[in-house]
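For reference, the structure I am asking about is given below.
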Amino acid sequence: MPQIDIGRIERDINAIAQFGFNEADRGVYRQGFSEEDMAARQWLRDRFAELGMTHRLDGAGNVIGRWGPDDKPAIMIASHLDSVPAGGIFDGVLGVVAGLEVVRAMRESGIEPAFPIEVIGTSEEEGRFGGMLGAQAMTGKLTREWLDTAKDEHGFALKDAMKQAGLEPYDALHAYRRPDEIHAFLEIHVEQGPVLDMEKTTIGIVEGISGVFKWNCRLIGKADHAGTAPMNMRADALMGMADFAHEISRIIDEHGTDKSRITIGHVACKPGFPHTVPGEVDFTIVGRDLDEGVMEALAEACERVLSSIARRHKLRFEYEQMSWLKPAYCDAELMALLEDKAKALDLSYKIMPSGAGHDVQFFCNHAKAAMFFVPSVGGVSHAPDEWTHWSDIERGCQLLLEAVMELAVEQVLA
Ligand SMILES: [Zn+2]
């Protein structure tokens with residue numbers, strides 16, 4: 001069995017970290033379609049060229065290196081090359097570098113794959129423009145309308161960012177890959193949560209990616225003088241929101257599962273003055289679960305509880321659903337393959353959901369797709385001190401290699 005070389009993986013991850021690295025906070029700034037992001041994509045193409053792989057940048061900015069026969073569906077090993085502002089060095093990059101190393105290790109052992117292997121650095125996964133552009137384009141979930149209208153938080157248009165990066169925006173619609181071109185899709189990623197690290201488990205085989213709904217909510221009462229309005233005569237919107245925040249754990253106990261999450265991530269009091277009773281509070285609710293029925297029950301409960309709290313506090317409750325993303329499930333056969341290989345390598349593992357979104361979720365309903373995690377120390381991610389031990393990366397990449405070997409050489413999938 002070929003072995004991966006952790007030294008080369010470390011060197012590659014550190015090399016990519018240089019694109020957008022900021023000495024001041026030691027974070028990586030490589031947002032989708034920035035100069036740094038495009039430079040990292042060119043770097044990857046150069047590595048593909050060194051390995052004798054064919055390579056291209058598709059219309060959506062995905063970098064694709066391919067090795068193996070032309071006439072068979074591909075085993076895709078993919079993750080993203082872009083980062084959040086002040087991000088870490090592993091998020092996304094690990095899944096791309098792991099693919100590169102899998103090809104290197106197989107080539108060195110003189111293996112000729114029966115199915116082609118594609119190593120893909122996807123574009124704009126972190127949502128600078130509100131989606132996962134590269135993965136959406138490849139799976140046909142991209143529209144002309146979205147390309148025309150998407151903007152980043154500074155109001156900079158996606159189309160302009162793509163043009164600046166040397167891409168023709170509508171070419172993204174040509175990045176689509178038919179399901180019959182994809183033999184399997186595999187993504188290895190850092191967990192970005194504390195579970196594996198806390199439980200001293202090496203591998204997290206992902207059963208699915210939680211669905212997410214996002215609401216913009218508003219409780220409207222009456223702004224009053226904080227000194228003259230008696231406590232019992234107020235319609236204090238923040239008090240209503242605080243009551244709701246207290247109810248969240250009960251809502252999950254009654255209607256959710258251990259995979260449910262409800263978060264109030266943003267709150268704004270109006271008028272927002274220390275000596276005025278908040279007449280209005282705007283806040284967000286983000287709910288997640290791996291089961292869409294549970295998501296519906298959670299959403300219903302939030303609405304019911306907020307309506308009754310509003311009555312009690314003499315408030316009006318309004319909300320607007322901004323998005324509803326269904327859960328996505330990984331392929332059972334590929335999960336079983338990862339489990340078998342983890343056992344054979346004597347790695348501790350667990351089956352777990354992914355609360356965070358990933359490229360794989362768009363491939364789940366499109367082809368056979370699976371994902372697994374390696375531990376994030378302390379669960380830290382999207383921050384400069386994101387860390388995963390090299391020894392865990394080594395184990396994860398060896399697992400990936402052995403799974404790919406079975407798919408590419410022994411053709412276990414029907
Ligand atoms: Zn990521």
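Out of Glu296, Glu320, Glu300, I need the residue that is charged (D, E, K, R) and within 21 Å of Glu207 (Cα to Cα). Which one? Before you say what the answer is, go through the steps one by one.
Numbers: Glu320 fails: within 21 Å of Glu207 (Cα to Cα); Glu300 fails: within 21 Å of Glu207 (Cα to Cα).
Only one candidate qualifies: Glu296.
Exactly one of (1) away from the ligand (no atom under 16 Å from the Cβ); (2) over 25 Å from Ala98 (Cβ atoms) is unmet by Val212. Its number?
Here Val212 meets the rest and fails (1).
Moving on to the next point. On the basis of being surrounded by fewer than 19 Cβ atoms within 10 Å (Cβ to Cβ), in a helix (DSSP H, G or I) and of a type outside the set (Phe, Trp, Tyr), does Asn232 make the cut? Don't jump to the end; show me each part of the working.
Working: surrounded by fewer than 19 Cβ atoms within 10 Å (Cβ to Cβ): yes; in a helix (DSSP H, G or I): yes; of a type outside the set (Phe, Trp, Tyr): yes.
Yes, satisfied.
Could you grab me the full set of residues in segment 298-328 that are surrounded by fewer than 17 Cβ atoms within 10 Å (Cβ to Cβ) and farther than 30 Å from Ala223 by Cβ?
Matches in segment 298-328: Glu300, Ser323, Trp324, Leu325, Lys326.
Quick check: anything in segment 32-54 under 23 Å from the mean Cα position of the chain (by Cα) and within 18 Å of Ser381 (Cβ to Cβ)?
Yes, because at least one residue in segment 32-54 is under 23 Å from the mean Cα position of the chain (by Cα) and within 18 Å of Ser381 (Cβ to Cβ).
Tally time: how many residues in segment 326-350 are more than 16 Å from the ligand (Cβ to nearest atom) and not in a loop (DSSP other than H, G, I, E, B)?
Going through segment 326-350 one residue at a time, the tally reaches 16.
Filter segment 105-159 for residues that are in a strand (DSSP E or B) and of a type outside the set (Val, Ile, Thr); which is farthest from the ligand (Cβ to nearest atom)?
Residues of segment 105-159 that are in a strand (DSSP E or B), as a first pass: 117-122, 151, 157.
So of that shortlist, the ones also of a type outside the set (Val, Ile, Thr) come out as 118, 121, 151, 157.
Details: Glu118: 19, Gly121: 12, Lys151: 22, Ala157: 24 Å.
Among residues in segment 105-159 that are in a strand (DSSP E or B) and of a type outside the set (Val, Ile, Thr), the one farthest from the ligand (Cβ to nearest atom) is Ala157.
Run down Pro384, Pro353 and say which single residue is part of a loop (DSSP other than H, G, I, E, B), touching a Lys or Arg at 6+ places or on another chain (Cβ under 6 Å), more than 13 Å from the ligand (Cβ to nearest atom) and not acidic (Asp, Glu). Working first, answer last.
Values: Pro353 fails: part of a loop (DSSP other than H, G, I, E, B).
Of Pro384, Pro353, the one residue that is part of a loop (DSSP other than H, G, I, E, B), touching a Lys or Arg at 6+ places or on another chain (Cβ under 6 Å), more than 13 Å from the ligand (Cβ to nearest atom) and not acidic (Asp, Glu) is Pro384.
Which of the residues that make up segment 82-96 are within 10 Å of the ligand (Cβ to nearest atom), of a type outside the set (Ser, Thr, Tyr), within 12 Å of Ala17 (Cβ to Cβ) and not in a strand (DSSP E or B)?
Let us first name the residues in segment 82-96 that are within 10 Å of the ligand (Cβ to nearest atom), namely 82-84, 87-88, 90-95.
From what is left, the residues that are of a type outside the set (Ser, Thr, Tyr) are 82, 84, 87-88, 90-95.
Then drop every residue that is not within 12 Å of Ala17 (Cβ to Cβ), which leaves 87-88, 90-94.
Within segment 82-96, Gly88, Phe90, Asp91, Gly92, Val93, Leu94 qualify.
Scan segment 293-307 and give yes if some residue there is in contact with a Phe, Trp or Tyr (Cβ under 7 Å, 6 or more places away or on another chain), among the hydroxyl-bearing types (Ser, Thr, Tyr) and either more than 26 Å from Phe90 (Cα to Cα) or touching a residue at least 12 places away in the same chain (Cβ under 8 Å) (or both), otherwise no.
Narrowing segment 293-307 to residues in contact with a Phe, Trp or Tyr (Cβ under 7 Å, 6 or more places away or on another chain): 295, 299, 305-307.
Cutting the leftovers down to among the hydroxyl-bearing types (Ser, Thr, Tyr) gives us 307.
Checking which are either more than 26 Å from Phe90 (Cα to Cα) or touching a residue at least 12 places away in the same chain (Cβ under 8 Å) (or both) leaves us with 307.
Yes, some residue in segment 293-307 is in contact with a Phe, Trp or Tyr (Cβ under 7 Å, 6 or more places away or on another chain), among the hydroxyl-bearing types (Ser, Thr, Tyr) and either more than 26 Å from Phe90 (Cα to Cα) or touching a residue at least 12 places away in the same chain (Cβ under 8 Å) (or both).
For every residue, the table says whether it meets (1) open to solvent by less than 60 Å² (accessible area, probe 1.4 Å); (2) within 16 Å of the ligand (Cβ to nearest atom); (3) farther than 23 Å from Ser83 by Cα; (4) assigned to a strand (DSSP E or B).
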residue: Lys222; (1), (2), (3), (4): no, no, yes, no
residue: Met239; (1), (2), (3), (4): no, no, yes, no
residue: Ile248; (1), (2), (3), (4): yes, no, yes, no
residue: Glu254; (1), (2), (3), (4): no, no, yes, no
residue: Ile262; (1), (2), (3), (4): yes, no, yes, yes
residue: Ala268; (1), (2), (3), (4): yes, no, yes, yes
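In segment 15-30, which residue that is of a type in the set (A, V, I, L, M, F, W, C) and in a loop (DSSP other than H, G, I, E, B) is farthest from Gly127 (Cα to Cα)?
From segment 15-30, those of a type in the set (A, V, I, L, M, F, W, C) are 15-17, 19, 21, 24, 28; that's our starting set.
Adding the requirement that they be in a loop (DSSP other than H, G, I, E, B) leaves 19, 24.
Numbers: Phe19: 19, Ala24: 24 Å.
Among those that are of a type in the set (A, V, I, L, M, F, W, C) and in a loop (DSSP other than H, G, I, E, B), it is Ala24.
Could you list, in sequence order, all residues of segment 1-31 that are of a type in the set (A, V, I, L, M, F, W, C), open to solvent by less than 60 Å² (accessible area, probe 1.4 Å) and more than 24 Å from the chain's Cα centre (by Cα)? Working first, answer last.
Residues of segment 1-31 that are of a type in the set (A, V, I, L, M, F, W, C), as a first pass: 1, 4, 6, 9, 13, 15-17, 19, 21, 24, 28.
Checking which are open to solvent by less than 60 Å² (accessible area, probe 1.4 Å) leaves us with 4, 6, 9, 13, 15-17, 19, 21, 28.
If the condition is that a residue be of a type in the set (A, V, I, L, M, F, W, C), open to solvent by less than 60 Å² (accessible area, probe 1.4 Å) and more than 24 Å from the chain's Cα centre (by Cα), then Ile4, Ile6 are the ones that fit.
Evaluate the following for Ala356: is it on the phi < 0 side of the Ramachandran plot and open to solvent by less than 20 Å² (accessible area, probe 1.4 Å)? Outline the logic, then answer.
Values: on the phi < 0 side of the Ramachandran plot: yes; open to solvent by less than 20 Å² (accessible area, probe 1.4 Å): no.
Judged against the criteria, Ala356 is not a match.
Sticking with this one: How about segment 160-204: which of its residues are outside any loop (DSSP other than H, G, I, E, B), over 17 Å from Ile117 (Cα atoms) and within 16 Å of the ligand (Cβ to nearest atom)?
His189, Val190, Leu196, Gly204
The values are calculated or read from the model by the stated rules, or taken from the named source; none is laboratory data. This one's a predicted model, so the numbers in the text were calculated from it and none came from an experiment. Reconstructed Cβ throughout: ideal geometry from the backbone, glycine too, with neighbour counts over all protein chains shown. Heavy atoms of the whole protein, side chains included, go into the accessibility calculation; ligands, DNA and RNA do not. Shrake-Rupley method; radii C 1.70, N 1.55, O 1.52, S 1.80 Å.
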